[in-house]
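Peer 1: Following this message is one structure expressed as structure tokens.
The values are calculated or read from the model by the stated rules, or taken from the named source; none is laboratory data. Small disclaimer: the values here were computed from a predicted structure and weren't measured. All Cβ positions, glycine included, derive from the backbone under ideal geometry; neighbour counts span all protein chains shown. Please note that ligands, DNA and RNA were not included when accessible areas were found on the heavy atoms of the full protein model with its side chains. Shrake-Rupley method; radii C 1.70, N 1.55, O 1.52, S 1.80 Å.
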Amino acid sequence: MLRDRLYDGLKDMEEVYVNGDLEHRIAGNLNISFNFVEGESLIMALRDLAVSSGSACTSASLEPSYVLRALGRNDELAHSSIRFTIGRFTTLEEIDYTIELVRAAVEKLRELSPLWDMYKDGIDLNSVEWVAH
Amino acid sequence: MAYSEKVLDHYENPRNVGVLEDDQSVGTGMVGAPACGDVMKLQIKVGDDGIIQDAKFKTYGCGSAIASSSLVTEWVKGKSLDEAAEIKNTQIAQELALPPVKIHCSVLAEDAIAAAIDNYREKNQ
């Protein structure tokens, strides 16, 4: 299945989380969080693809998806989510192209991310006193 | 959402990404929160003459947040601390043509400058 091929091409990356259950889900859907990479910035890097951050119902909002929150994801991972939907006409080549594009974009954005640096330094982000805004 | 040319340029070619080695001459500001979807870290290196010689940033956030922080690293260089503190979010928003929903990104960038200056001044009282 193309969805599984997409997930297989991404799952060995560090700090990747599938949102929702892999068995009990719509066949062509993969909603996935790349920790320390903000979803909208990832979408910008994937301009050749039609993807969405969060779930379909919240893509126009800046708030993290309440569906992902209800699934037990914290705000950070909900902000770092992206949704791929595979269509009837999606090809194998397009999936492989997507895998390459996503891997490169996540790597680039993690190089930009202060949270990635902190994670690599072994800092527990929950122990930091953030200034909410 | 349509992004301005300048936001796209800063997003694709971010200026001054990185980390300055921490010492007495470096001020570091980190603002925002992961739970809110953006965190900016801005560092300034101040010379003996009180002029900002170098600036680096790292940002977790949307393209507009990345562009705002990239832009201010360019703007603060060569300025005194007082001059840098005068940079206003409205200038950042105007330069990048940010839509209303992204104004908070420019506010965060202004806050990051203030936090970096505060940190430097605390270290060098």
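Peer 1: Tell me, what is the percent relative contact order of chain A, built from C-alpha pairs under 8 Å that lie six or more residues apart? List each step's numbers first, then the result.
Peer 2: Working: 155 pairs, mean separation 38.2, N = 133.
Relative contact order comes out at 29 percent.
Peer 1: Now for a separate question. What percent do you get for the relative contact order of chain B when only Cα pairs under 8 Å and 6+ apart count?
Peer 2: On the way: 236 pairs, mean separation 39.3, N = 125.
Averaging sequence separation for qualifying contacts and normalising by length gives 31 percent for chain B.
Peer 1: Across peptide B:13-25, what mean number of C-beta atoms from other chains lies inside 10 Å of a residue's C-beta?
Peer 2: Details: counts 0, 3, 0, 0, 2, 2, 2, 0, 0, 0, 0, 0, 0.
Taking the mean over all residues of the peptide, I get 1.
Peer 1: Restricting things to Cα coordinates, could you compute the convex hull volume per residue of segment B:1-108 in Å³?
Peer 2: Normalising the Cα hull of segment B:1-108 by residue number yields 92 Å³.
Peer 1: Okay, moving on. Over the whole of B:32-45, what's the average partner chain Cβ count within 10 Å per residue? Rounded to a whole number, please.
Peer 2: 6
Peer 1: Which value in nm describes the separation of the simple spin-label points at A:Ala50 and A:Arg103, placed 7 Å from the Cα toward the beta carbon?
Peer 2: 2.7 nm
Peer 1: Right, next: How large is the Kirkwood hydrodynamic radius of segment B:36-82, counting all unique pairs of alpha carbons, in Å? Please report the intermediate quantities before stating the final value.
Peer 2: Values: mean 1/r = 0.0899 Å⁻¹.
Evaluated on segment B:36-82, it is 11.1 Å.
Peer 1: Here is a follow-up. Helix A:92-112: angle to the longest alpha-carbon principal axis of chain A, degrees 0 to 90, nearest 10?
Peer 2: Roughly 10 degrees, rounded to the nearest 10.
Peer 1: Just counting partner chain Cβ atoms within 10 Å, what average do the residues of peptide B:63-75 show around their Cβ?
Peer 2: Numbers: counts 7, 3, 3, 6, 0, 0, 1, 1, 0, 0, 0, 0, 0.
Mean number of neighbouring Cβ atoms from other chains: 2.
Peer 1: Here's another thing I want to ask about it. Would you work out what percent of the accessible area of the protein assembly as shown, with all protein chains in place, is carbon or sulfur (probe 1.4 Å)? Display every interim value, and only then the final one.
Peer 2: On the way: 6120 of 12480 Å².
After summing per-atom areas, the C and S share lands at 49 percent.
Peer 1: Given just the C-alpha atoms of the protein assembly as shown, how large is their convex hull per residue in cubic angstrom? Don't jump to the answer; show the numbers that get you there.
Peer 2: Values: hull volume 32.5 nm³, N = 258.
Normalising the Cα hull of the protein assembly as shown by residue number yields 126 Å³.
Peer 1: For the protein assembly as shown, report the accessible area per residue in Å² (1.4 Å probe, heavy atoms, rounded to an integer). Walk me through the numbers on the way to the answer.
Peer 2: Working: 12480 Å² over 258 residues.
Roughly 48 Å² per residue, with all protein chains present.
Peer 1: Right, here's the next one. Run the quick spin-label model on B:Thr90 and A:Glu14: label points 7 Å from Cα toward the beta carbon, then report their separation in nm to one decimal.
Peer 2: So the label points at B:Thr90 and A:Glu14 sit 4.3 nm apart.
Peer 1: Per the Kirkwood treatment, what hydrodynamic radius in Å, one decimal, follows for chain A from the mean inverse distance over all distinct Cα pairs? Each step should come with its number before you reach the end.
Peer 2: On the way: mean 1/r = 0.0650 Å⁻¹.
One over the average 1/r among Cα pairs gives 15.4 Å for chain A.
Peer 1: Based solely on its DSSP helices, what 222 nm [θ] is calculated for the protein assembly as shown when runs of n ≥ 4 H residues each add -39,500 (n - 2.57) and the sum is averaged over all residues, nearest 500 deg cm²/dmol? Before the final figure, lay out the partial values.
Peer 2: Details: 11 runs with 110 residues, N = 258.
Computed ellipticity for the protein assembly as shown at 222 nm equals -12500 deg cm²/dmol.
Peer 1: On to the next question. Over 25 Å between C-alpha atoms is what I'm after, so list which of B:Lys41/B:Lys88; A:Lys108/B:Lys102; A:Lys11/B:Lys56; A:Lys108/B:Lys79 land there. List each step's numbers first, then the result.
Peer 2: Working: B:Lys41/B:Lys88 18 Å; A:Lys108/B:Lys102 22 Å; A:Lys11/B:Lys56 32 Å; A:Lys108/B:Lys79 30 Å.
Checking Cα-Cα distances, A:Lys11/B:Lys56; A:Lys108/B:Lys79 exceed 25 Å.
Peer 1: While we're on this one: Interface A/B, total buried accessible area with a 1.4 Å probe, nearest 100 Å²?
Peer 2: Numbers: alone 8460 and 6490 Å², together 12480 Å².
The A and B chains share an interface burying roughly 2500 Å².
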